[in-house]
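Undergrad: Sharing a structure with you now.
The values are calculated or read from the model by the stated rules, or taken from the named source; none is laboratory data. What you see is a predicted model; the values in this text were computed from it and never measured. Note that each Cβ is placed from the backbone with ideal geometry, even for glycine, and that neighbours are counted across all protein chains shown. Calculation scope for accessible area: heavy atoms of the full protein, side chains included, ligands and nucleic acids excluded. Shrake-Rupley method; radii C 1.70, N 1.55, O 1.52, S 1.80 Å.
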Amino acid sequence: MNAPHRAAAAAPLPFYQPLADECEVFEAAWRQQLPLLIKGPTGCGKTRFVAHMAARLGLPLFTVSCHDDLSAADLVGRHLIAAGDTQWCDGPLTRAVRAGGICYLDEVVEARKDTTVVLHPLTDDRRILPIERTGEQLAAPPGFMLVVSYNPGYQHVLKTLKPSTRQRFVALAFDFPPPAVELTVLREEGGADEALARRLVALATQLRRLGGYHLDEAVSTRLLVYAAKLIASGMAARTACRVALVEPLSDEPDTLAALMAVVDTQFGA
Amino acid sequence: MEDLVGSWWDRLVRRAAYPGYPQAAVLLDDVAPQALLFFRAMGGDPGLAIRSAVGTAHGARRRWLARVAGIDTHVELAWRDGQALYLPERIDLYPDAALNRGLYFWLMALAAQPPAQGDWLQSNSEGTARCLTTMPGLATLYQRLVAALLPLRNWPANGTGQAAEQAIRHALLQPGTATALPAGSPPPQPVPLWLHPSPPSAAAANQDDGQQPEQGHGDSRDSKARRRYRARRDNPDDRKNGMLLQFRAESIFTWDDYVRVNRHQDEDEPDDGAAAEDMDRLTVSRDGKTRASRLKFDLDLPAAAYDDTPLGDGLLLPEWDYRRERLVADHCRLQPMLPRDASPAPLPDKLQAAARRLRRQFQALSPERSRKSGEASGPDLDLDRIIRFLAEQRSGVAVAEPPLYQAWPPAGRSMACLLLADLSLSTESWLGEAGQVIHVIRDSLLLFAEALAACGDAFGLYGFSSLRRSEVRYLLLKDFGEPYDDAARGRILAIRPGYYTRMGAAIRQSTSILLQQPAQRRLLLIVSDGKPNDLDHYEGRYGVEDTRQAVLEARRAGLIPFCVTVDREAGDYLPHLFGKRGYSVVHDAHRLPQVLTSLYASLTA
Ligand SMILES: Nc1ncnc2c1ncn2[C@@H]1O[C@H](COP(=O)(O)OP(=O)(O)OP(=O)(O)O)[C@@H](O)[C@H]1O
Ligand SMILES: [Mg+2]
């Protein structure tokens, strides 16, 4: 995580199909130097959206996947031993601040509360990052933006952001794309033809009715893209749906059998 | 009874039964575990239960229709009303079991479609067409079902009968193009691929009103007034009229699913004698109308002699009055109790296997180990600090050696969970073959406790019911301080349903118990089966608002309240009580034990 960063050359714009006005909101927040919170279920395009916006605004992107052992040093930086000497190495947050880019903290609720506190001075109007270990204090340039995301499913009621953290962000709620948008995503990302994309989207609509009742999480766009890719590469549709859409959702034999019956309403022999 | 059900349809099915292939039969029991999920995925109303079309709740083996009609071989058809989706108890129409099984899924897909226009023929044909366009994967199955059905159908002898049969075959082969049945045609042969033309409940209702049932596909949701089946819960408008309990009296349910209970209005006054009278003898009438023959009913509430054992004098607790927008101090008396007749008992044999599995799973929920930096001793070096120390030493700043180790203290998960179970009389309602809700709750408590004991989290189990504000009964099943042993198991095994649901007071007491636990995260898990209610004004808005306040108080105190319910209508009020993400509805109550434990695992993971 603390390896020196090599600035990516102007990469092609990652494909992102907007659902509503989220691109405009993102850009407006960036221009006003406001931090952004994105909430939404897993695999609905949050990471892709941020990558797309970073490329679109020509900003370097520094992504951190948060976990419960993430320390402030993992974000800010630490001393490393190099050539018999100690050397300070910036963490991704510090690098993003120095570079005036986007720092994206994925699943920020997983991080311990004391870790997220280092974000506070960056997310109010001071926009500074004090580095305690080196005594440095960085002022964030106008290009810098902090983006965090989390999944507010009911499984996470015990883990939420502290209100004092939360109330520093502009927030965007994401959900699975409406059928027309998802159709385009499956065609562009999964290489599906029109007919296949239609069936997959219809199947997704059926399976998503089960989210919360029988399935903890509804089937994600990511999994649909997987299924599309497998089918487009020549795998039998039923098999692809089983491995990409059914098995990842449950371990219970009855649930799996019922999900396969649902698959058969779209891809039955 | 015959007059209620003996519509033309029953005469018809008696005449036109298909022979069947018993060796290829597929039972509803075989597909039932997948049925709810499939039906919902098809877009079926998530509030509906799945029942066997023989006339009782699925699993209860009373061939009601058959008995009433005095026949034993008849074709069972599928239909849907405001309560449930009814499916044949067994399908043996085809010689191929795969087709019989496919027919179940076909019927569920068809029944999940929104009601179509036209008569029976047109609406089924329309629904079929819609299924086939939205679900292209079903086309092959459908073609096979039709191809195998046609040879089984007879050609009627007379001309109009033939015209009708012709129209049906055309509709089967070319779905979506059907015209209405020819006028004046005799009742056609049943079509097992289609929904019931005149579902028994609607037929019974029409008959009751002295009308001949129409041939058209009536929207049976309108026949609300005559639900033949036992409803689990009244709806709010029924409630205003005083409907409050359901009974186990089978005889009642053969003519109506539940009866209204005209309860004497009683507010707060402690009129013990008269109130007891009210409690034990309630006047029962059908649909709130005055009936010539009013039935008197004895409710089997436990008499005082069989009551649970009170502990101490009880505690006074406040209650929220939403009209006055304030907490009324000392309004309820909560009585801690022990279940009567509880003797230490081991876990019942039938739960052993599930308990073993859960124990294994929950042992793996290893206590959260957190790295502690800057310790004076420990198994790992704290590299960050060492490097900083060396750097500082080199530049001549550092003096004394700081603590440079990392430790992994086996911190407990620091989790405490209080489970509060609703033991009111409504938990006595019937769930089909799994028995009563109370049995499912009992098994859930037992398995939940096994799981939590295995993972080492602090937990307590309590149950509650109420009898007005003067008696909120709070049952101690397993206190936080005591180990989970056979004594606690015995107490859980001894729980019985009784009385009402004054939820606010029980939540307040649970909150104060849970607040005494030193854990970092404290979960207040409430298992309920319906809305708060009690005999006095604790009903409707009042009960809901008091419960909501109690939940808010718990949340403000830093607890995490979460409700698990088996009430299908909970979506109407639980978001208001627990917040959008503060509850979970278990649609298939039989799965409560599994759901409860896996929910706990995912909540605390
Ligand atoms: N609107 C969209 N436009 C383009 N691709 C999309 C869109 N939505 C989803 N995808 C596809 O779905 C995949 C998963 O999205 P992504 O990784 O951004 O999800 P996420 O919301 O970050 O999930 P998680 O919370 O699990 O990290 C992407 O790789 C992309 O293929
Ligand atoms: Mg992501």
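Undergrad: Any idea what angle helix A:46-56 forms with the longest principal axis of chain A, computed on alpha-carbon atoms, 0 to 90 degrees, nearest 10?
TA: 60 degrees
Undergrad: With all protein chains present and a 1.4 Å probe, how do B:Ile91, B:Ile386 order by accessible area, largest first? Intermediate results must be reported in sequence, preceding the final value.
TA: Numbers: B:Ile91 10, B:Ile386 30 Å².
Highest to lowest solvent-accessible surface, that is B:Ile386, B:Ile91.
Undergrad: Given a 1.4 Å probe and no ligands, DNA or RNA in the count, how much accessible surface is buried by B and A, both sides, to the nearest 100 Å²? Mind dumping the intermediate values first?
TA: Numbers: alone 27010 and 13410 Å², together 36990 Å².
Interface between B and A: roughly 3400 Å².
Undergrad: Classify the range B:119-158 as rounded, prolate or oblate, taking a ≥ b ≥ c as the square roots of the eigenvalues of its Cα gyration tensor: rounded when a/c is under 1.5, otherwise prolate if a/b is larger than b/c and oblate if not.
TA: Working: a/c = 5.61, a/b = 1.46, b/c = 3.84.
In terms of gyration-tensor shape, oblate.
Undergrad: Give, as a single signed number, the net charge of other residues whose beta carbon lies under 13 Å from the beta carbon of A:Tyr104, with Lys and Arg counted +1 and Asp and Glu -1. Display every interim value, and only then the final one.
TA: On the way: positive: A:Lys46, A:Arg48, A:Arg95; negative: A:Asp106, A:Glu107.
Taking every Cβ under 13 Å from that of A:Tyr104, the sum is +1.
Undergrad: For the range A:22-173, what proportion of DSSP beta bridges, expressed in % and rounded to the nearest 5, is antiparallel? Display every interim value, and only then the final one.
TA: On the way: 10 of 27 bridges.
In the range A:22-173, approximately 35 percent of DSSP beta bridges are antiparallel ones.
Undergrad: Which entries in A:Lys162/A:Lys229; B:Lys372/B:Lys478; A:Lys39/A:Lys229 show an alpha-carbon gap greater than 29 Å?
TA: Details: A:Lys162/A:Lys229 40 Å; B:Lys372/B:Lys478 34 Å; A:Lys39/A:Lys229 27 Å.
Result: A:Lys162/A:Lys229; B:Lys372/B:Lys478 exceed 29 Å.
Undergrad: A follow-up question, please. Would you mind classifying the range A:179-267 by shape? Square roots of the alpha carbon gyration tensor eigenvalues, ordered a ≥ b ≥ c; an a/c under 1.5 is rounded, otherwise it is prolate if a/b is larger than b/c and oblate if not.
TA: prolate
Undergrad: Rounded to the nearest 10 Å², what accessible area does B:Thr134 have for a 1.4 Å probe in the complete protein model?
TA: Answer for B:Thr134: close to 70 Å² accessible.
Undergrad: Show A:Phe62, A:Phe169 ordered by accessible area, largest first, where the area counts protein heavy atoms only and the probe is 1.4 Å. Working shown, then result.
TA: Working: A:Phe62 10, A:Phe169 30 Å².
Reading off the accessible areas and sorting them downward yields A:Phe169, A:Phe62.
Undergrad: As a test, work out the antiparallel percent of DSSP beta bridges whose residues both lie in chain A, rounded to the nearest 5.
TA: Details: 10 of 28 bridges.
In chain A, approximately 35 percent of DSSP beta bridges are antiparallel ones.
Undergrad: List the trypsin sites (Lys or Arg not before Pro) in the range B:137-194 that DSSP assigns to loop (not H, G, I, E or B) and whose Cβ has at most 12 other Cβ atoms within 10 Å. Which are they?
TA: none
Undergrad: Just to verify a number: what accessible area does A:Glu188 come out at with the full protein assembly present, 1.4 Å probe, Å² rounded to tens?
TA: Its heavy atoms expose roughly 120 Å² to the probe.
Undergrad: Could you please put B:Lys478, B:Lys531 in sequence from largest to smallest accessible area, using a 1.4 Å probe?
TA: B:Lys531, B:Lys478
Undergrad: Now, a different point. Looking only at other chains, what is the average number of their beta-carbon atoms within 10 angstrom of each beta-carbon in A:252-264?
TA: Mean inter-chain Cβ contacts per residue within 10 Å come to 6.
Undergrad: Name the residues whose placed amide hydrogens come within less than 5 Å of the amide hydrogen of A:Leu105, ignoring near sequence neighbours (fewer than 5 apart) on the same chain.
TA: A:Val64, A:Val147, A:Val148, A:Ser149
Undergrad: Check which residues have an amide H placed less than 5 Å from B:Ser52's amide H, if you skip close sequence neighbours.
TA: Here the answer is B:His58, B:Gly59, B:Leu87, since their amide H atoms fall under 5 Å of that of B:Ser52.
Undergrad: HN-Hα J couplings of the range A:33-42 from phi, Karplus 6.51/-1.76/1.60, θ = phi - 60°, integer Hz, Gly and Pro as x?
TA: 3J(HN,Hα) across the range A:33-42, in whole Hz: 6, 10, x, 10, 10, 10, 10, x, x, 5.
Undergrad: Further, regarding this structure: Counting only other chains, and only Cβ atoms inside 10 Å, what mean value do you get across the residues of B:131-141? The partial results should precede the final answer.
TA: Working: counts 1, 0, 0, 5, 10, 8, 14, 4, 2, 3, 4.
Taking all residues of B:131-141 together, the mean is 5.
Undergrad: Rounded, prolate or oblate for the range A:50-89? Axes are the square roots of the Cα gyration tensor eigenvalues, ordered a ≥ b ≥ c, and the cut-off for rounded is a/c under 1.5.
TA: oblate
Undergrad: Also: Using protein chains only and a probe of 1.4 angstrom, how many square angstrom of A:Asp114 are accessible, to the nearest 10?
TA: 90 Å²
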